[in-house]
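Notes for the one structure printed next.
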Amino acid sequence: MSGRADPAGPTRYLARVASSLRGPRQYRDRILAELRDGLDQSVAAGIGRGLSEEGAVAAAIEDFGQPDAVAAGFATELAIATARHTLFWYLLTGPLVGVWWLLSLQPYPWRAGLVVVIAAIPVLPLIVVAIATATGTVATTGRLIRWLPEASARHAIAGSALVAALAVFGDLVMIGQYVHSGSPARPLGVIAVAASTIRVVCSSAVLLHLVVRGRLTVSAM
Amino acid sequence: VIEALRAGSGGALDLPTGTVYPALHRLERAGLIGSAWHTVNGRRRRAYQLTPAGCTALHEQRAVWDQFSAAVTALLNRPARPAST
């Protein structure tokens, strides 16, 4: 038996599961591919037991459970994947935005010394809180859960939403300070403002998505 | 996995197949199992296997379960005492 012999039943079933899955596309595709594999295997086993093809498909679908229940079972993992995906994005792109502000404030950071450079960052407390939240959430939703208390999906989404909100606030503060400083526009400053503006737009979309995601997660669990 | 659960428990653990996948994904996220796609008879299949950390956790959890079930069994097998008033 191959997946080609039973196009209707499993395909319809998986379409119903897919319509309820919310999260990173790559992860959703993996889930659906795995479910398809499992269904095909189950149908083949049913035919091996002497069932007709239709009977085997029906039995396999019944064994899997209701599409909504199957999708709900993945809600936690998808929410955590969404949160981790978001946090990795901030941890990777954060320095790319920050470096332009740093160079704009201290054009020669290697001359000024580490303490002076760090003290020159106006939103330093926000950055510290954001990094602590991001690393804490990543740590308590990944392999370290063998030793650390595991964060729930709700906490993971809340953690990533907090980091996104801090990024928006921090970027707006930096842009506001730069604009109101009255200093002449310099290339480094313009690049920093542009980088922060892009991140504000992206973070706003991320926040909106996470708020919706959070609601869906709560309702699915 | 489902068949092993069903057969190994004499049919007592008969879970809907679809509910096992999220559990496997969580174990993989914890690094207790690993998975990879393989091609078997021309069809792609995802195979899971225990990681070294998973083997260690399995031994630890099995010991915890054995201790727990032995304690409960001993408790239930005690002769019943008449209720005092």
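The values are calculated or read from the model by the stated rules, or taken from the named source; none is laboratory data. Bear in mind that the values here come from a model prediction, so they are computed numbers and not experimental data. Glycine also receives a Cβ, built like all others from the backbone with ideal geometry; neighbour counts cover every protein chain displayed. Surface accessibility is based on the protein's heavy atoms, side chains included, excluding ligands, DNA and RNA. Shrake-Rupley method; radii C 1.70, N 1.55, O 1.52, S 1.80 Å.
Results, tabulated for the structure shown:
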read-out: Translational D in µm²/s for region A:24-179 (Stokes-Einstein at 37 °C, 0.692 mPa s, Kirkwood Rh from C-alpha pairs); value: 171 µm²/s
read-out: log₁₀ of I(q)/I(0) at q = 0.11 Å⁻¹ - region A:47-122, Debye sum with one point per alpha carbon; value: -0.57
read-out: Cα-based Rg of chain B normalised by 2.2 N^0.38 Å, two decimals; value: 1.61
read-out: Rg(Cα)/(2.2 N^0.38 Å) for region A:82-152, N = residue count; value: 1.38
read-out: Overall dimensions of the protein assembly as shown by Cα: Rg and Dmax, Å; value: 26.3, 92
read-out: Minimum 50 Å² accessible area buried by the other protein chains, region A:48-92 residues, probe 1.4 Å, relative to alone; value: A:ASP63, A:PHE64, A:PHE74, A:GLU77
read-out: Reference-scaled alpha-carbon Rg (2.2 N^0.38 Å with N residues) for region A:22-65; value: 1.34
read-out: A:HIS155 accessible area, assembled protein chains, probe 1.4 Å, Å²; value: 130 Å²
read-out: Accessible carbon and sulfur surface of the protein assembly as shown relative to its total accessible area, %, 1.4 Å; value: 65 percent
read-out: Buried accessible area, chains A and B (both chains, 1.4 Å probe, Å² to nearest 100); value: 2100 Å²
read-out: Förster-model FRET efficiency, 25 Å R0, A:GLU62 and B:HIS38, C-beta, rounded to 0.05; value: 0.35
read-out: Rounded accessible area per residue of chain B, 1.4 Å, Å²; value: 73 Å²
read-out: Whole-number D in µm² s⁻¹ for region A:1-110, Kirkwood Cα-pair radius fed into Stokes-Einstein, 25 °C, 0.890 mPa s; value: 147 µm²/s
read-out: Percent of Cα pairs exceeding the 14 Å cut-off, where the set is region B:1-51; value: 61 percent
read-out: For residues of B:23-32, the mean tally of beta carbons on other chains within 10 Å; value: 5
